[in-house]
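Since the structure comes first, as structure tokens, the remarks are kept for the end.
Throughout, read-outs are computed from the coordinates displayed, never taken from laboratory work. On a predicted model such as this, the values are computed, not experimentally measured, just so you know. Ideal geometry is used to build each Cβ from the backbone, glycine not excepted, and the neighbour counts take in all protein chains shown.
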């Protein structure tokens, strides 16, 4: 069965974006430290690189090894739309969960108006690779019972305010740490599996 993987960057204080959806406050580092982290990310999670950036990153022809579908909220999708990109991850099946976006601006993007939990459960029953929960916090809260794994890129910065990693009801959920990697630029990547 396919798994729902929440792969996300987060600040020390648990924010995936600022109050206005900004994410440019994440420090990437420079030089060899940045190159080490970026190289690892491109090799390990190439599917998570937006289609337009894949060409510039030299991974345009890299096949989808782990993920073939993504689910995102309108806030996440809006950042691409604001740049004039209607299909940010054309190399994946794309679903946008929204109660306000009436129709998709791109035939490669499916807009889902209803039950996000039902959508995820339906996708998990299909054949294929894993499903990437691309954001945001409210959507993560809505589909929380179906999140199987977390891959959290923790950046050494405190946001102070913004969108939480999971914005939902109080529901303590135990995970096992399955792997952890620390990079020279201060980013710590941790893998978690639901107990």
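Summary of values
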quantity	calculated
All Cα pairs of region 90-167, percent lying beyond 20 Å	39 percent
Protection proxy ranking, peptides 106-112, 60-66, average beta carbon neighbours within 10 Å, highest first	106-112, 60-66
Modelled label reach - residue 57, point 7 Å along Cα→Cβ, region 142-166 residues with backbone N closer than 17 Å	151-155
Sorted by Cβ neighbour density within 10 Å, fewest at the top, the residues 170, 25	170, 25
Kirkwood Rh, Cα atoms: Rg over Rh of region 129-195	0.97
Rounded Å value of the spacing that divides the Cα centres of region 93-115 and region 173-194	31 Å
Neighbour-count order for 24, 68, 35, fewest beta carbons within 10 angstrom listed first	24, 35, 68
FRET efficiency, residue 108 to residue 34 (Cβ-Cβ, R0 35 Å, nearest 0.05)	0.65
Once the Cα gyration tensor of region 21-174 is diagonalised, semi-axes √(5λ) in Å	24, 20, 17
Ranked list, fewest to most other Cβ atoms within 10 Å of each Cβ, for 155, 26, 6	26, 155, 6
Relative contact order %, region 1-145, counting alpha carbon pairs below 8 Å whose residues are six or more apart	34 percent
Relative contact order computed over region 93-163 (Cα-Cα under 8 Å; 6+ residues apart), in percent	23 percent
